[in-house]
1. Out of the range 142-173, which residues are within 21 Å of GLY294 (Cβ to Cβ), within 17 Å of the chain's Cα centre (by Cα) and either open to solvent by 10 Å² or more (accessible area, probe 1.4 Å) or not hydrophobic (A, V, I, L, M, F, W, C) (or both)?
2. Write out, first by first residue and then by second, each pair whose Cβ atoms fall under 8 Å of each other, whose residues are 6+ apart or on separate chains, and whose first residue, in the range 327-339, is closer than 20 Å to THR6 by Cα while the second is outside any helix (DSSP H, G or I) and among the polar types (S, T, N, Q).
3. For ASP196, indicate whether it is open to solvent by 50 Å² or more (accessible area, probe 1.4 Å) and either more than 19 Å from the chain's Cα centre (by Cα) or of a type in the set (D, E, K, R) (or both).
4. Filter the range 298-333 down to the residues that are in contact with a helix residue (DSSP H, G or I) (Cβ under 7 Å, 6 or more places away or on another chain), charged (D, E, K, R) and over 18 Å from GLY17 (Cα atoms) and list them by number.
5. Enumerate the pairs (first residue in the range 257-269 and without any contact (Cβ under 8 Å) to a residue 12 or more places away in the chain; second residue anywhere and in a loop (DSSP other than H, G, I, E, B)) with beta-carbon separation below 8 Å, excluding pairs fewer than 6 apart on the same chain, so at least 6 apart or on different chains.
6. Does at least one position in the range 125-142 carry a residue that is in a helix (DSSP H, G or I) and of a type outside the set (A, V, I, L, M, F, W, C)?
7. Confirm whether LEU165 is in contact with a strand residue (DSSP E or B) (Cβ under 7 Å, 6 or more places away or on another chain), more than 18 Å from SER86 (Cα to Cα), part of a strand (DSSP E or B) and modelled with pLDDT of 95 or more.
8. Report, ordered by the first and then the second residue, all pairs with beta carbons closer than 8 Å, sequence separation of six or more or different chains, a first member in the range 226-244 that is farther than 10 Å from ALA192 by Cβ, and a second member that is among the acidic types (Asp, Glu) and open to solvent by 10 Å² or more (accessible area, probe 1.4 Å).
Amino acid sequence: MSRITTIGVLGGYGAVGSAVVRRLHQSTAALLLVAGRDLGRAEKLVRSLDANGALAEPVAVDLADPAALDRLAARCDLLVNCAGPSYRVLDTVARAALRNGADYVDAAGDDPTFLRLTTDGGAREWQAAGRVALLSAGALPGLSGLLPRHLATTVGRASRLDAYLGGVAPLSPAAAGDVLLSRGPEHGIPGAGWRDGVVRERSLEPRRGLSLAAFPRPVDAFPFLATEAVRLARALQIGEVNWYTAFGGGRLPEQLALSWALDDTDTSEVVNAAAEDVRRHGTWYGQEFHLWGGNDAETPPRVLSLACEDSYELSGFLATAAATAVLAGETPVGVHFAADVLIPTEIFQALAVDPAATISLDGPGVPALPQ
């Protein structure tokens, strides 16, 4: 009798983790280990699952306890990390997976984690073990790097990409911590754009009151050239990339600016600011990409717009898709960003029929950027 596949979901009762657990519970026959510090919350989530889905078991695990992490990883064929904040998790969970012979998917895990796992011979460790680690398997970064790759298949040679990502959403303390700490060149550069293979600092200004198909009301867009955008530009050989964070409310960007100016890492005021924006404007999230092909700047762009109510559910969608691909042997061994190895058109097609979001192609354009 073959052994049942076991998937551990660390942070499995959180905003993203619970979405991953629910989705895997319905789509796989694996045993699910719903893990985290709060056993009571894990037990509550397990009790809420439909009895017709996969088996699920609550497990108490503290990230600060290496022995507990090893015990969890030793039971798993695949370990999915949805715990945060990412700047504290870094490579801790991934290394526990590798030590115990499990594959790994991280709904966050951005460039600092990648560097820790791949420098000083780290990449060879994963290759030699025949194990997979997929990082940035969430809404942003992750889906934000996959959808433009699908859009690029519709235009031939891409020459310019404008991206708008954000909205209005509550922030968990872990998510707020990641937002506060996502500063420095390992994350991206405010005000920068990509021009002909070079990062051009201070080349873009905020854009106020934009009406875009992905958002139900006008947004203010602030340029931030994320490292994901640079990887995307290089992969698609795009000469111009303008990458924006979109805010549907005013309190969160105000508080972030203040916290950054004071170098304050306390998340409580950021969480409160996001909650105030939600009270005023509701909850909604979107991603919109405008892609020009060829050299004719007068040709209208192809536009891909994604809209949803819950960005955490969107992250759960992609983390689940990444986990499924790893279990099916569809991803190469080694350490990778999810957007570099998942198949963009398959992800687009799956999301197009998923209730988590609505997608449209060839939406309206936006005013041209100042040249």
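The values are calculated or read from the model by the stated rules, or taken from the named source; none is laboratory data. Everything numeric here is computed off the predicted structure, so don't read it as measured data. Quick reminder, even Gly has a Cβ in these numbers, built from the backbone with ideal geometry, and neighbours come from all protein chains shown. Accessible surface is based on the protein model in full, side chains and every heavy atom, while ligands, DNA and RNA are left aside. Shrake-Rupley method; radii C 1.70, N 1.55, O 1.52, S 1.80 Å.
1. Step one: filter the range 142-173 for residues within 21 Å of GLY294 (Cβ to Cβ), giving 147-163.
Of the ones still in play, those that are also within 17 Å of the chain's Cα centre (by Cα) are 147-150, 163.
Listed by number, the residues that qualify are PRO148, ARG149, HIS150.
2. Matching pairs, first to second residue: LEU327/THR5; LEU327/THR28.
3. Working: open to solvent by 50 Å² or more (accessible area, probe 1.4 Å): yes; either more than 19 Å from the chain's Cα centre (by Cα) or of a type in the set (D, E, K, R) (or both): yes.
Against the criterion (open to solvent by 50 Å² or more (accessible area, probe 1.4 Å) and either more than 19 Å from the chain's Cα centre (by Cα) or of a type in the set (D, E, K, R) (or both)), ASP196 qualifies.
4. ARG302
5. LEU258/ASP264
6. Keep residues of the range 125-142 that are in a helix (DSSP H, G or I), which gives 125-129.
Among the residues that remain, those that are also of a type outside the set (A, V, I, L, M, F, W, C) are: 125, 127.
Scanning the range 125-142, I find at least one residue that is in a helix (DSSP H, G or I) and of a type outside the set (A, V, I, L, M, F, W, C), so the answer is yes.
7. Working: in contact with a strand residue (DSSP E or B) (Cβ under 7 Å, 6 or more places away or on another chain): yes; more than 18 Å from SER86 (Cα to Cα): yes; part of a strand (DSSP E or B): yes; modelled with pLDDT of 95 or more: yes.
Taking the combined requirement at face value, the residue satisfies it.
8. Pairs found: THR227/ASP110; THR227/ASP111; THR227/GLU186; GLU228/ASP110; ARG231/ASP340; ALA235/ASP340; GLY239/ASP196; GLU240/ASP196.
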